[in-house]
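Asker: Here it is, the structure in full.
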Amino acid sequence: MAVLQAVGVGRRFGSLWVLRSLDLELKAGERVALLGPSGCGKTTFLNLLGGLDRPDEGTIFVDGEFLQEASPARLADLRRSRLGTVFQFFHLIPTLTAEENVELPLRMLRWPEARIQTRCRELIQAVGLPHRAKAWPSELSGGELQRVAVARALAARPAVLLADEPTGNLDRAAGQTVLSLLAELTEQQGSALVMATHSEAAAGICHRILRMEDGRFPGSP
């Protein structure tokens, strides 16, 4: 069964269509790269898949739920529990430590304290940062910030992980570490991954590559 399904998705701003006729289906644990230059519509498509925006045509289902029929409150709940997101610029909360940033989505879901602590320790260890767990974001390198962001996005074991240029703000070595973690951790917990990137190397961790041009997948109707 697909954990993410988009059929005939389109988005327009005024009279300008920026996305047209996009189809995408992912099963649990599958990784897909949206590969294309800046401005081709990758981030706009991710925003639709994550329920941050609504399409003007087509349908999107996440873990069996029809996003267009979901209320704003339900969409927020889905983003906390079934959808994880990794951003290019990290977006950690500066007044929380690394481990507190990882714990935050679980606290919002009201997990029991013991379960929160166990899951946080597990993830901090998995991304190789147990020695930095008490550090503030201002004390972390770019690569460390993104590793914390990956841990936070996967904390609630989401069905789908969306990653928007996750290595775009990192040097090559740090970027490769983050890519390896994305592949390894989504594989371990069975989360599907949709990654928007302009990097052929980054797209290489995915099972499939969909090239985007001017808001379309070339070759689609």
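Asker: For the stretch 110-132, what are the residues that are of a type in the set (A, V, I, L, M, F, W, C) and surrounded by fewer than 17 Cβ atoms within 10 Å (Cβ to Cβ)?
Answerer: 114
Asker: Can I ask one more? Output yes when any residue across the stretch 145-157 is open to solvent by 20 Å² or more (accessible area, probe 1.4 Å) and over 26 Å from residue 61 (Cα atoms), and no when none is.
Answerer: yes
Asker: Inspect all residues belonging to the stretch 173-190 and state whether any of them is polar (S, T, N, Q), surrounded by 21 or more Cβ atoms within 10 Å (Cβ to Cβ) and touching a residue at least 24 places away in the same chain (Cβ under 8 Å).
Answerer: Yes, some residue in the stretch 173-190 is polar (S, T, N, Q), surrounded by 21 or more Cβ atoms within 10 Å (Cβ to Cβ) and touching a residue at least 24 places away in the same chain (Cβ under 8 Å).
Asker: Step by step: first the residues of the stretch 62-109, then only those that are among the polar types (S, T, N, Q) and closer than 25 Å to residue 134 by Cβ, then the one that is surrounded by the most Cβ atoms within 10 Å (Cβ to Cβ). Which residue is that?
Answerer: Within the stretch 62-109, the match that is surrounded by the most Cβ atoms within 10 Å (Cβ to Cβ) is 101.
Asker: Quick one: count up the residues across the stretch 3-36 that are over 20 Å from residue 64 (Cα atoms), among the basic types (Lys, Arg) and either buried (at least 17 other Cβ atoms within 10 Å of the Cβ) or in contact (Cβ under 8 Å) with a residue 60 or more places away in the chain (or both).
Answerer: Looking only at that region, the number is 2.
The values are calculated or read from the model by the stated rules, or taken from the named source; none is laboratory data. Model, not experiment: these values are computed from the prediction. Cβ: placed from backbone, ideal geometry, glycine included. Neighbour counts: every protein chain shown. All accessible areas refer to the heavy atoms of the entire protein, side chains included, with ligands and DNA or RNA removed. Shrake-Rupley method; radii C 1.70, N 1.55, O 1.52, S 1.80 Å.
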